[in-house]
Amino acid sequence: MLLTLIDPISFIAGFATATVLWFVISRARPLIAEMRQNLREQREQAQIRKSSSVEENHRRLILRRAQGMHLAAPLFALDEILQEPKLLAPPAPVEPGVPPRYEDVITQTLPYLPAWPEMAAIYQPHTLTLSQALAGDGNIVIIGQPGMGKTVALAHLASLAANRSEKLGALQEFVPFYFHVADLNLQSQDPKNVLAPIINSASEQAPIFDAGKIPAFVQSAFKSGQALLIVDGYDEVPPNEQTLVSDFFKAVLKEHPQTRIVTTGAPEYLDGLIALGFAPLALCAWSDQGSRKFFEQWGELWARTVALETWAQNGPEQVDPLLINAWLGANSANLSPLELTLKVWGAYAGDSLGPHVLEAIATHIRRIAPANTPIAALETLAMQVVIGATPVFDPRKAREWVKSFEVVETPSETEAGQSLEEEAKTSSSKKKVEKVSTPNASLLEKMSASGLLVSYPNNRMRFAHLVFAGYLAGHAMTTYNAEEALLNQPDWSGKYLTMRFYAAHGDASRLVQALLEYSRLPMHRPLFSAARWLRDAPRNAPWRGKMFGTLAAILQTEGIPLGLRGQALAAFIYSNDPSVATLFRQFAVSNSFEMLHLAILGAGAVRDSKSLKIIEEALQAPSLSVKRAACMALAAINTNDSLEIAAQALLNGEEDIRRAAGEALANDPQEGHAMLKDGVTINDILLRRAVVYGLGRVKESWAIDLLQKIQIEDEQWVVRNAATEVLEMRTRMDTFSPMSLKPPHETPWLIEFAAKKGVGISPGVPATDILLVALKGDDPDVRLAALQYLKFTPQDVVLKQIYEAMYKDDPELRETAYQILWELGASGVKLPDPSEYGLS
């Protein structure tokens, strides 16, 4: 019945039409797809053409800003005076079933001390450049004490990125976004637009014609996964502001997970960053060779530029740079790059107030402060900044702080030249902080124009460097009673800087007593923070003896990690106290090999030639670590006698000692390098093999050429293989780069371990229980690998197991557990005393 209602002709016609139509569409589908692709590419090309000028302008602005982000910017561009920043390579992560990476003897023997990189400057373990550190897939936080050069490191990285440097490898085309935390208005973040702080700040800095295009440009860079976010100043702000920054990073990474972030941090305070997977990498201090190179570079630039200016020509006769550099080299032990810069500037300018580093800081503050500004105004401003824990402050409030000060237009020559040190001596009475009088509205503008302060949008301002604020506030504490206020603050850099400079000018006994009472295992953070005051404090300070006694007790305590004892050792070395060498000689007669190991490293670090006999005897010790330390100390002492003993160890020692001697001699660019060159030609297989490992540590092109020649021409395959090994290490620096951990359910060793225990690992479900089982297991590699994951779940049961691992007899497990606890403590996790877990 239904079929009779359908017209056959119409049906056939419709069917044929539909068939033809579908045939045409199917044949045209590739053409349509191609047209769509062409239209998409045209839109993308139009967008690229539209944004390319914006990006190029952005890169130029980043480069210009970065080149001025250093103390000597009024004199030289950054690239003219730069000493390439180096980061301490972190301990190699262990992955069961994967061969361990190559590590030299020096790195194996020296305790890993990210909070005390001055030791690394002496013994020179393995380091990374910034580009090498970023060759992995993780985000990094560059840590170091104020003045170590973190800002310069970020400025150097921003310059490389702005120039699309080939050194950056896979990050060459990444777009840099370079800010200080003061640039980013994070107080009023919009969770629906996480990039708003970046867009707003970039728009403020952009040319007026590009301002409207910045939002689309920023969004495009982050969506494409090619954004490099570089944020300075995280180390300067107190914990409440650090939380704002870390929450901002978390939001950015959640929405744009391919973004790479590099920021700065203090070794003691990394609130929130470790939980986000940031790898803390310590900025290495400059070696003696690095400092000498910097002095020479400064002298050459000064002679070509500054010395030709009229004021320099009409001033006193210029001293021979060789004499200046020799004097600087003899008085630069344990100084930070900031302090070295200020000393060399004062020496060449002839305006230094004295030879001490404190006088170099006072000189520079006077140099960049507005003319005729009362020192009391600077100190009052700094005190209010520190007491209020507001390193980035509101200038409207600051005007109230200093409004009572009036600038004297024509001071006497004596007043204008009075040093900060001299003013401290004139202070006689203590006052309450609340009674600090307050500066004049135009005074802040003059400070900003002179370079002492830095201004930001949204009514934000800060000191050009936190060291200057700490110095002025610490100096003011000799007049104003602020100890209690500081002690009650949460830990942040400005607090401890102020205490440090107060200890250099006044009696810090009360502060030291309080910090020693707070200090406890496993970190002893307050103790080691106060230990940095020893270098600049008066030799007759009443608290020095108690501080040295506490450090000595930790150094001699057996059974605790070398990472902890090594910090006490580093504190002794950093103090520059002449009695330290005698102390190390006394410790070197200990029956404990760990104590002997540390004492010998200490003797080498202070270049104690009187300990040579003890060190020579240590070359015969049963402990390999002691013998290696002895070789390192001989090269560090660097006298004719010590180098002769090292040469004899290289020529006649056991195989392991020869290698240690060869690697240690690589630290001496004069006699040490000459010995290595000569050793290549001697007909002794073990000697040549040891020399090869030494050459592997020489960062010179001639060393690579020599290794390549040995790799091909040496008659012995043992020597050729050693050359191949070190050359591969030099070409595969990515193996030292921090890498993000895979999720537990994607980690082969953990999956295999769980399967053996009859357990599965599900995505998104914490693997804490099976990781704790792995930590208690018998496989040493599995135990070490488990620790790396457990730090992300710092529950009480997890902390208890990490503590127990730290007290086991396995040295490698003990050191790794301590390193994990150090990271957790720095990230804000409250670490209980070991006694709470039945440990002591």
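The values are calculated or read from the model by the stated rules, or taken from the named source; none is laboratory data. Just so it is clear, the model here is predicted, and its values are computed rather than measured. Here Cβ is always computed from backbone atoms with ideal geometry, including for glycine, and neighbour counts include all displayed protein chains. Side chains are part of the model used for accessible areas, which takes the heavy atoms of the whole protein and leaves out ligands, DNA and RNA. Shrake-Rupley method; radii C 1.70, N 1.55, O 1.52, S 1.80 Å.
Counting heavy atoms of the protein chains only and a 1.4 Å probe, report the per residue accessible area for the chain as a whole number of Å². Display every interim value, and only then the final one.
Working: 37460 Å² over 840 residues.
Per-residue value: 45 Å².
Using a probe of 1.4 Å on the protein chains alone, the accessible area found for ASP779 is around 70 Å².
Pick out, from GLY653, GLN513, GLN124, the residue whose Cα sits farthest towards the positive end of the charge dipole of the chain, with +1 on the Cβ of Lys and Arg and -1 on the Cβ of Asp and Glu. Farthest towards the positive end: GLN513. Taking amide H as placed 1.01 Å from N in the peptide plane, the amide H of ASP232 sits under 5 Å from that of PHE179, HIS180, VAL181, each at least 5 places away or on another chain.
When THR747, THR557 are compared by accessible area at a 1.4 angstrom probe, the order from most to least is THR557, THR747. When DSSP beta bridges are restricted to pairs lying wholly in the chain, around 30% turn out antiparallel. Taking each of LYS546/LYS791; LYS756/LYS791; LYS150/LYS776 in turn, the alpha-carbon distance tops 31 angstrom for LYS546/LYS791; LYS150/LYS776.
Using a 1.4 angstrom probe on the protein heavy atoms only, line up LYS446, LYS756, LYS742 by accessible area, largest first. Display every interim value, and only then the final one.
Numbers: LYS446 85, LYS756 155, LYS742 110 Å².
Correct descending sequence by accessible area is LYS756, LYS742, LYS446.
The residue list VAL194, ALA674, LEU378 was ranked by how far each Cα lies along the charge dipole of the chain toward its positive end, using unit charges on Cβ atoms, and VAL194 comes out on top.
A 1.4 Å probe, protein heavy atoms only, puts the accessible area of CYS631 near 0 Å². Counting only protein heavy atoms, what percent of the accessible surface of region 117-250 is carbon or sulfur at a 1.4 Å probe? Solvent-exposed carbon and sulfur of region 117-250 make up 50 percent of the total. Here region 695-795 is treated with +1 on each Lys and Arg Cβ and -1 on each Asp and Glu Cβ, and its dipole about the Cα centre works out to around 420 debye. From helices alone, the chain scores -17000 deg cm²/dmol at 222 nm; the rule is -39500 (n - 2.57) for each run of n ≥ 4 DSSP H residues, then divide by the residue total.
A simple charge model with +1 on the Cβ of Lys and Arg, -1 on the Cβ of Asp and Glu and nothing else charged puts the dipole of region 637-745 at about 500 debye relative to its Cα centre. Have a look at LEU686, ALA360, LEU706 and report the one farthest towards the positive end of the charge dipole of the chain, computed about the Cα centre with Cβ charges (Lys/Arg +1, Asp/Glu -1). Of the options given, the answer is ALA360. With R₀ fixed at 56 Å, the C-beta to C-beta distance from HIS745 to GLU484 puts the FRET efficiency at about 0.65. Anisotropy class assigned to region 747-827 is oblate, per the alpha carbon gyration tensor with a/c at or over the 1.5 cut-off and a/b no larger than b/c. Placing +1 on each Lys and Arg Cβ and -1 on each Asp and Glu Cβ, with no other charges, gives the chain a dipole about its Cα centre of roughly 1660 debye. Please give the net charge around PHE294, taking every other residue with its beta carbon less than 15 angstrom from that of PHE294, where Lys and Arg add +1 and Asp and Glu add -1. Surrounding charge for PHE294 is -3.
Please work out whether region 587-661 counts as rounded, prolate or oblate from its C-alpha gyration tensor, where a ≥ b ≥ c are the square roots of the eigenvalues and a/c under 1.5 means rounded, while otherwise a/b larger than b/c means prolate and anything else oblate? Let's see the in-between values first.
Values: a/c = 1.89, a/b = 1.11, b/c = 1.70.
Taking the square roots of the gyration eigenvalues as a ≥ b ≥ c, region 587-661 is oblate.
Here the spin labels are modelled as points 7 Å beyond Cα on the Cα-Cβ line, and at LEU651 and THR582 they lie 3.7 nm apart. Counting only protein heavy atoms and using a 1.4 Å probe, the accessible area of VAL606 comes to about 50 Å².
By the rule of a C-alpha distance below 12 Å, with chain neighbours fewer than 8 residues away ignored, the aspartates and glutamates paired with LYS800 are ASP833, GLU836. The alpha-carbon of LYS613 sits under 25 angstrom from the alpha-carbons of these lysines, leaving out residues fewer than 8 places away in its chain: LYS627.
Below 14 angstrom from the Cβ of GLU715, what's the summed charge of the other residues (Lys, Arg +1; Asp, Glu -1)? Net local charge, GLU715 excluded: +1. Which entries of LYS254/LYS742; LYS343/LYS495; LYS167/LYS223; LYS343/LYS403 show an alpha-carbon separation above 26 angstrom in the structure shown? Listed pairs above 26 Å: LYS343/LYS403.
Using the Cα gyration tensor of region 558-609, with a ≥ b ≥ c the square roots of its eigenvalues, what is the shape: rounded (a/c below 1.5), prolate (a/b larger than b/c) or oblate (neither)?
Numbers: a/c = 2.19, a/b = 1.31, b/c = 1.67.
Oblate is the answer for region 558-609, as a/c is 1.5 or above yet b/c matches or exceeds a/b.
Distance between the pseudo-spin-label points of GLU296 and PHE209 (7 Å out from Cα toward the beta carbon): 4.7 nm.
When the alpha carbon gyration tensor of region 661-769 is reduced to an equivalent ellipsoid, the three semi-axes, largest first, read 44, 15, 12 Å. Over region 261-345, the hull volume per residue, using the convex hull of the C-alpha atoms, is 138 Å³.
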